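The values are calculated or read from the model by the stated rules, or taken from the named source; none is laboratory data. Being a predicted model, the structure only gives us computed values, none of them experimental. Here the Cβ positions follow ideal geometry from the backbone for every residue, glycine too, while neighbour counts run over all protein chains shown. Each accessible area value is taken on the protein alone, full model and side chains, heavy atoms only, with ligands, DNA and RNA left out. Shrake-Rupley method; radii C 1.70, N 1.55, O 1.52, S 1.80 Å.
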Amino acid sequence: MPLRLYNSLTRRLDELRPLVPNKVTMYHCGPTVYSSPHIGNFRSFLFADVLRRFIEDQGYQVIQVMNVTDVGHLTNDDLETGEDKMEAASKKTGRTAWDIAKQYENEFHECQRLLHVRLPHHMPRATDFIAQMGVIIDDLLQKGVAYQVDNGDVYFEISKFPQYGKLSGKVIDELEDGARVAVNDKKKDPRDFALWKTDDKHQMQWDAPFRGGLRGFPGWHIECSAMSAHYLGHQIDVHTGGEDNMFPHHECEIAQTEAHTHRQFVSIWMHARHLLVDNKKMSKSLGNFFTVEDVLKKGYSGLELRFALVRGHYRQQLNFTLKGLDEARAAIARVQQCRQRLVRIETGAERKGEADLTAATAAANAKFTATMQEDLNVSEALAVVFDFVGECNRAQPTLASCALALQFFARIEDVLGCFGATPQADATGDAPAELQAMLQKRQDAKKQKDWATADAMRDEIQKAGWKIVDTATGPRLEKA
RNA sequence: GGUCCCGUAGCCAAGUGGUUAGGCAACGGAUUGCAAAUCCGUCUACGGCGGUUCGAUUCCGCCCGGGACCUCCA
């Protein structure tokens with residue numbers, strides 16, 4: 001069974017057919033590092049992460065590149081008033097753009113770690129690829145697809161690339177009727193976009209990396225073309241981003257890259273739907289957004305946030321709520337309880353049985369694969385996992401079955417990464433000695449039928465962040 | 001104004017022309033000194049109105065409601 005993915009370009013499910021057999025190249029539009037990463041950002045990045053993990057699960061070797069935009073992302077791409085986001089943040093805070101970029105890039109990496117993201121193989125910064133951008137700009141100028149105006153700005157000329165609009169379905173006339181107005185009369189067409197801009201006041205400036213240019217800074221779109229070409233070559237298999245990237249960003253990437261190489265840039269374009277918060281659009285301009293840090297400060301773990309952001313289908317709007325995080329916590333616990341019991345049986349801490357889970361495990365694996373192969377249907381894949389949890393809990397499995405089932409869970413974890421590592425059979429030994437003493441005291445009290453003392457001990461242990469689990473073979477302590 | 005997506009039980013969220021997700025919460029039962037965890041059971045839905053069909057939540061049309069892009073945003 002092939003892996004089929006929804007391709008924004010063809011508007012249907014396309015089979016993943018890597019240009020080089022068994023190797024998949026992926027490029028992801030990463031963060032613009034001008035503010036703290038928010039949960040909406042990570043909805044997209046976690047989607048990319050799960051995609052990568054599943055493709056690897058399917059036996060491919062993946063090479064993943066995610067850019068860090070630290071220059072050139074204009075607040076208003078085509079208008080004269082457009083301002084670089086880094087510069088805008090700098091103005092607001094009084095710090096340098098370089099300083100800001102560094103801070104938020106670090107924050108981004110920290111969030112990746114907290115949300116258990118498998119790091120892309122390369123995470124290049126735009127500012128480190130000025131020269132490579134220059135090569136493309138130079139070529140586009142030579143080919144007459146781009147033009148330079150008096151002040152030194154270089155624009156890509158839309159009319160020279162008739163396929164412009166093929167990804168987003170935007171048609172020229174429609175755009176001209178829209179809210180966007182041409183106020184930059186230097187441009188031949190209002191939709192021509194900047195490859196290079198000049199501005200004396202801009203903090204980040206470079207001598208033009210192309211012939212006949214003036215000192216300035218690159219436009220936003222060109223970085224992705226340059227960096228994907230540098231690491232992955234002129235043609236790549238999969239390119240992802242948030243749905244807002246589709247236009248104009250990805251449209252522009254296609255135009256400049258394909259005008260440059262005369263080859264199809266990307267086989268499969270994928271876009272994650274935006275997140276809603278309490279059923280409302282989440283955006284900076286509305287101010288109703290949570291940063292990753294906000295959520296973690298409320299006491300939720302990265303795993304819980306990851307689960308909450310990953311559980312819905314990526315092409316569906318996902319409604320984020322704090323209640324959803326509580327649900328995530330409970331759901332994760334359900335899986336972990338199940339895994340822990342299997343470990344306990346395996347290690348002899350709990351009685352094994354006669355139930356053979358071989359067939360059930362094979363079926364779960366097959367269903368999980370099939371459902372993920374169909375455009376990464378995580379929701380349905382989770383249903384498979386939870387069905388299997390029920391089967392395990394109901395059974396008294398053999399040692400061999402425990403091992404098989406645990407392998408299944410390890411695979412799920414490898415792909416989804418939202419449940420955590422295989423639990424320990426018994427964490428009692430890791431608990432502080434005083435808690436272990438309390439546990440013993442509770443046992444003694446129970447023998448005496450001194451329920452008051454027994455319950456008091458349990459409450460104390462709970463207050464310390466642990467809980468008692470009573471079993472047929474005696475009580476044990478677990479982290480709550 | 002143009003293009004497009006969605007509306008599923010208390011909440012979240014898949015899917016399908018006729019069997020029927022899953023999670024959370026709630027309730028009843030088993031277990032337990034009481035709990036926790038686990039198991040069993042209950043709650044059974046597809047925005048509204050038409051149409052196509054033997055049969056529609058699933059296809060078509062209209063309406064209502066929410067959202068996306070075209071403008072900063074993943």
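Things to note:
- A Förster radius of 56 Å combined with the Cβ-Cβ distance from A:A437 to A:R315 puts the calculated FRET efficiency at roughly 0.55.
- Each other residue within a Cβ distance under 15 Å of A:G390 adds +1 if Lys or Arg and -1 if Asp or Glu, for a net charge of +3.
- Radius ratio Rg over Rh of region A:21-137, counting only Cα atoms, Kirkwood formula for Rh: 1.02
- Added length on full extension, which subtracts the Cα-Cα distance from 0.36 nm per residue, A:A88 to A:N288: 69.9 nm
- Gap separating the Cα centres of region A:358-402 and region A:239-272, nearest whole Å: 36
- Our estimate of slack between A:Q462 and A:A427, defined as 0.36 nm per intervening residue step minus the Cα-Cα distance, is 11.1 nm.
- Region A:366-420 shape via C-alpha gyration tensor axes, a/c threshold 1.5: prolate
- Three-way shape call for region A:296-416 based on the alpha-carbon gyration tensor, with the a/c threshold at 1.5: oblate
- Gyration tensor verdict on region A:4-272 (Cα atoms; rounded if a/c is under 1.5, prolate if a/b is larger than b/c, oblate otherwise): oblate
- If R0 equals 25 Å, the separation of the Cβ atoms of A:D207 and A:H262 corresponds to a calculated FRET efficiency of about 0.30.
- In terms of overall dimensions, chain A has a Cα radius of gyration and Dmax of 26.9, 93 angstrom.
- Estimated distance in nm for a label pair at A:E380 and A:D450, the labels positioned 7 Å out from Cα along Cα-to-Cβ: 5.9
- Calculated [θ] (222 nm, deg cm²/dmol) that DSSP helices of n ≥ 4 give over chain A, each run adding -39,500 (n - 2.57): -14000 deg cm²/dmol
- Under a 5 Å amide H cut-off, with hydrogens placed 1.01 Å from N, A:T32 pairs with A:T69 among residues at least 5 apart or on other chains.
- Scalar couplings 3J(HN,Hα) for region A:258-269, obtained by applying the Karplus form with A = 6.51, B = -1.76, C = 1.60 to θ = phi - 60°, are 6, 5, 6, 9, 6, 9, 5, 5, 10, 6, 10, 9 Hz; x denotes Gly and Pro.
- With every protein chain in place, region A:211-365: carbon and sulfur % of accessible area (1.4 Å): 49
- For region A:340-354, 3J(HN,Hα) computed residue by residue from phi via the Karplus equation (6.51, -1.76, 1.60; θ = phi - 60°) reads 5, 4, 4, 5, 5, 5, 4, 8, x, 6, 9, 4, 7, x, 10 Hz, glycine and proline entered as x.
- For A:T471, distant residues with modelled amide H under 5 Å away: A:R476
- Amide H within-cut-off set for A:W196, under 5 Å, with H built and near neighbours excluded: A:V154, A:G219
- Rounded to the nearest Hz, the phi-derived 3J(HN,Hα) couplings of region A:105-119 under the Karplus curve 6.51 cos²θ - 1.76 cosθ + 1.60 (θ = phi - 60°) are 5, 4, 4, 4, 5, 5, 5, 4, 5, 5, 9, 6, 7, 6, 5, where x marks glycine and proline.
- A protection proxy built from the mean count of other Cβ atoms within 10 Å ranks the segments A:119-132, A:44-57, most packed first, as A:44-57, A:119-132.
- Spatial separation of Cα centroids for region A:417-480 and region A:113-168, in angstrom: 59
- Annotation: peptides A:247-259, A:195-207, A:215-227, ranked by per-residue average of other Cβ atoms within 10 Å with the highest first, follow the order A:215-227, A:247-259, A:195-207.
- Label zone at A:Q396, where the point sits 7 Å out along the Cα-to-Cβ direction: region A:340-376 residues whose backbone N lies under 11 Å: A:351-355
- Degrees between helix A:399-416 axis and first principal axis of chain A (Cα, 0 to 90, nearest 10): 30
- With both residues required to sit in region A:4-272, DSSP beta bridges show an antiparallel share near 45%.
- Stretchable slack from A:L19 to A:K323, in nm (0.36 nm times residue separation minus alpha-carbon distance): 105.1 nm
- Sorting A:153-160, A:290-297 by their mean Cβ neighbour count within 10 Å, with the most densely packed peptide first, gives A:153-160, A:290-297.
- Measuring between alpha carbons in the structure, the pairs from A:K85/A:K281; A:K280/A:K323; A:K143/A:K166; A:K102/A:K297; A:K160/A:K201; A:K160/A:K186 lying more than 25 angstrom apart are A:K160/A:K201.
- Contact order normalised by residue count of region A:296-416, Cα under 8 Å, 6+ apart, percent: 32
- Inter-centroid distance (Cα atoms) of region A:53-69 relative to region A:336-353, Å: 34
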